[in-house]
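Take a look at the structure below.
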Amino acid sequence: QVQLVESGGGLVQAGGSLRLSCAASGRFFSNYVVGWFRQVPGKEREFVAAISRSGDTAINADSVKGRITISRDNTKNTVSLQMNSLKPEDTAVYYCAAGTTYHRSDRNYDYWGQGTQVTVSS
């Protein structure tokens, strides 16, 4: 099993920046596609971004395009999500997830972290 731990969440004012990290256990981290999702109360988890196994390519949700950068370092078993120009509507619990399919759907990811809270104040 792959274990994932998110960190870097917190409170930030609108227009600010935040960098989230996802640390993975195990020796075969590079075998997994990693995605970031977010969830607010009363709503289903929403896709944010995903990165390929090698880190060469990524896909982003329309809601965050131009404001986020996803990256990974397979030597350190980490994936980062740099978020800039944050908006109040970005407030959510952010989760990283690992899977074998490069996909926007959360149904295609097998392992999930516990999440980290991001709160953007106006």
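The values are calculated or read from the model by the stated rules, or taken from the named source; none is laboratory data. Since the model is a prediction, treat every value here as computed from it, not as a measurement. Please note: Cβ atoms are built from the backbone with ideal geometry, for glycine as well, and neighbour counts cover all protein chains shown. To get the accessible areas, we keep the full protein, side chains included, count just its heavy atoms, and leave off ligands, DNA and RNA. Shrake-Rupley method; radii C 1.70, N 1.55, O 1.52, S 1.80 Å.
Entry note, the chain: relative contact order of 36 percent, from Cα contacts under 8 Å with a spacing of 6+ residues. Cross-link partners of Lys43 among lysines, defined as those whose alpha carbon lies under 26 angstrom from its own and excluding same-chain residues fewer than eight positions apart: Lys65, Lys87. The string of couplings for the stretch 36-48 from the Karplus curve (6.51, -1.76, 1.60, θ = phi - 60°) is 10, 10, 9, 9, 10, x, x, 10, 6, 4, 10, 5, 10 Hz, one whole number per residue in order, with x for Gly and Pro. Bridging of Lys76 to aspartates and glutamates at a Cα separation below 15 Å is possible for Glu6, once same-chain residues fewer than 8 apart are set aside. Label-to-label distance for Asp56 and Ser17 is 2.8 nm, based on points extended 7 Å past Cα in the beta-carbon direction. Sequentially through the stretch 72-83, phi angles give Karplus couplings (6.51, -1.76, 1.60; θ = phi - 60°) of 9, 10, 6, 6, 10, 6, 10, 10, 10, 10, 8, 10 Hz, Gly and Pro residues having no value and appearing as x.
As a fraction of the 1.4 Å probe accessible area of the chain, surface on carbon and sulfur atoms comes out at 45 percent. Annotation: average projected area of the stretch 1-59 is 5.5 square nanometres, based on the convex hull of Cα atoms across all directions. Computed from backbone phi with θ = phi - 60° and the Karplus coefficients 6.51, -1.76 and 1.60, the 3J(HN,Hα) list for the stretch 113-119 is x, 7, x, 9, 7, 10, 10 Hz; x is used for glycine and proline.
Both numbers refer to the Cα atoms of the stretch 6-122; Rg and Dmax are 13.2, 42 Å.
Within 15 Å, Cβ to Cβ, of Ala58, how many net charges do the neighbouring residues add up to if Lys/Arg are +1 and Asp/Glu are -1?
Values: positive: Arg53, Lys65, Arg67, Arg72, Arg104; negative: Asp56, Asp62, Asp73.
That sum, taken over residues with Cβ under 15 Å, equals +2.
Note on Gln117 and Thr101: the model spin-label points, each 7 Å out from Cα along the C-beta direction, lie 3.3 nm apart.
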